[in-house]
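The values are calculated or read from the model by the stated rules, or taken from the named source; none is laboratory data. Predicted, not measured: the structure shown is a model, and the values here were computed from it. Neighbour counts run over all protein chains shown; Cβ positions are idealised from the backbone, glycine included. Heads up: the accessible areas ignore ligands, DNA and RNA and are worked out on the full protein's heavy atoms, side chains in. Shrake-Rupley method; radii C 1.70, N 1.55, O 1.52, S 1.80 Å.
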Amino acid sequence: MESTVEKLSVIIADDHTLFINGLHMLLQGEPDIEVMSVAANGKELLHLLHTQTPNLILLDINMPGMNGFDVLKRIKDYYPKIKVIMLSTYNEEHLIEKAKAEGASGYLFKNVGKAELLQVMRSVAQGQLCFPCKQPVVNSMLNEPDPFLKQFQLTKRETELLQFIKQNFTNQQMADHLHLSIYTVETHRKNIMQKLNLKNPVELNRFIMQYNL
């Protein structure tokens, strides 16, 4: 008599077709994993859940319409037994902590290797929580902010952004270059303006030129 393996049923939700197709193909080759469906956005995913009950959902954070956290909340409210792993290009502590707080079981970066992806999926299916470890803070004189900027209590990230602003990078370009969300960059810019007591981007550019930053 042939033994049957109980498969881990999965739904993938992501708005990038190439990524979702690649992930689907990768998982198809695993004998213990079944991709039930794919969804291009949050509303489509929630519609699928009316008729399908996966063990696990791979859920992109940054989707149009309803973002991943909005969808995660709905899933946890109405389908609490379904486990969710958030997918993101952003290595940002506050997003990882938000995913934990909202009830996700894991958080994976989109550039993760196949082995780690499968390991995390199987671990989460068994009830474990899988989140990235915090990076250790390295004290180095090379990482010290400029003494002039230090008097304004700017963080290392804020002083880094000043260099990009000097080169006329847009918020989106800075976000892409630093692997941050656009919302994080906008928040940093607001904090810089407040700390330097500046009212608008023109005054910020003038400040940068005046002090040759």
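Are any residues in the stretch 74-95 surrounded by 19 or more Cβ atoms within 10 Å (Cβ to Cβ) and in a helix (DSSP H, G or I), and if so, which ones?
If the condition is that a residue be surrounded by 19 or more Cβ atoms within 10 Å (Cβ to Cβ) and in a helix (DSSP H, G or I), then Ile75, Leu95 are the ones that fit.
Can you find even one residue in the stretch 138-156 that is at pLDDT 85 or above, open to solvent by 100 Å² or more (accessible area, probe 1.4 Å) and touching a helix residue (DSSP H, G or I) at 6+ places or on another chain (Cβ under 9 Å)?
no
Please pick out the residue among Asn67, Asn111, Asn91 that is in contact (Cβ under 8 Å) with a residue 40 or more places away in the chain and under 13 Å from the mean Cα position of the chain (by Cα).
Going through Asn67, Asn111, Asn91 in turn, the sole match is Asn91.
Just the residues that are among the β-branched types (Val, Ile, Thr) and over 13 Å from the mean Cα position of the chain (by Cα), please, taken from the stretch 170-187.
Selection gives Thr170, Val185, Thr187.
For residues that are within 30 Å of Asn62 (Cα to Cα) and either open to solvent by less than 80 Å² (accessible area, probe 1.4 Å) or in a loop (DSSP other than H, G, I, E, B) (or both), tally how many sit in the stretch 164-213.
27
Of all residues in the stretch 30-53, how many are part of a loop (DSSP other than H, G, I, E, B) and in contact (Cβ under 8 Å) with a residue 12 or more places away in the chain?
Residues that pass the stated criteria total 8.
Quick one: how many residues across the stretch 11-56 are under 26 Å from Ala101 (Cα atoms), touching a Leu at 6+ places or on another chain (Cβ under 9 Å) and open to solvent by 40 Å² or more (accessible area, probe 1.4 Å)?
Number satisfying all stated conditions: 2.
Identify the single condition in (1) in contact with a helix residue (DSSP H, G or I) (Cβ under 9 Å, 6 or more places away or on another chain); (2) in a loop (DSSP other than H, G, I, E, B); (3) open to solvent by less than 50 Å² (accessible area, probe 1.4 Å) that Leu59 does not satisfy, given that it satisfies every other one.
Going through the list (1) in contact with a helix residue (DSSP H, G or I) (Cβ under 9 Å, 6 or more places away or on another chain); (2) in a loop (DSSP other than H, G, I, E, B); (3) open to solvent by less than 50 Å² (accessible area, probe 1.4 Å), Leu59 breaks only (2).
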